[in-house]
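To keep things clear, I will list the structure first and then write my remarks on it.
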Amino acid sequence: MKTMVDLDRDVLREVQNLAAAQKKTPGQVLSELVRRALPKKARTVRRNGIRVFAKVKSSKPVNSEVVNRLIDKLM
């Protein structure tokens, strides 16, 4: 999709340099950079009729002991 965007000269120069180094178009490089800067949407799943956050592979289980420890830290 084509659109017009005003960029500062130094930003355009950097995008062009990255594009040349990566053998991509400036538009492709700019799209990738913007995607990285945008907030990630949390993935959710439906469990027992309730939408909950999907477990991330690197996450540890959270039980009442962990929750109580966090509450104690806040107080």
query: Taking R0 as 35 Å, what's the FRET efficiency between residue 74 and residue 35 from their Cβ-Cβ distance, rounded to 0.05?
result: 0.55
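Taking 0.36 nm per intervening residue step and subtracting the Cα-Cα distance, what contour gain separates residue 67 from residue 46 on full extension? Before the final figure, lay out the partial values.
Details: separation 21, 0.36 × 21 = 7.56 nm, distance 2.25 nm.
Net length gain for the segment: 5.3 nm.
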message: Suppose we flag trypsin sites (Lys or Arg not before Pro) only when DSSP calls them loop and at most 15 other Cβ atoms lie within 10 Å. Which is the longest uninterrupted stretch of the chain?
response: 3-22
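Give the shape of region 31-73 as rounded, prolate or oblate, defined through the alpha-carbon gyration tensor: a ≥ b ≥ c are the square roots of its eigenvalues, a/c under 1.5 means rounded, and otherwise the shape is prolate if a/b is larger than b/c and oblate if not. Could you put the intermediate results ahead of the total?
Details: a/c = 2.93, a/b = 1.58, b/c = 1.85.
It is oblate, given that a/c is not under 1.5 and a/b is not larger than b/c.
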- prompt: Can you list, largest first and rounded to whole Å, the semi-axes you get for the chain by taking the square root of 5 times each eigenvalue of its Cα gyration tensor?
  reply: 43, 17, 12
message: I'd like the orientation of helix 26-37 relative to the chain: the angle between its Cα long axis and the longest Cα principal axis, in ° from 0 to 90, rounded to 10.
response: 20 degrees
- request: Note down the magnitude of the dipole of the chain about its Cα centre, charges +1 on Lys and Arg C-beta and -1 on Asp and Glu C-beta and zero elsewhere, to the nearest 20 debye.
  value: 580 debye
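Every number here is computed from the coordinates shown, using simple stated rules; none is lab data. Predicted model only: the values in this text are computed from it and were never measured. Positions of Cβ are backbone-derived with ideal geometry, glycine not excepted, and every protein chain shown enters the neighbour counts.
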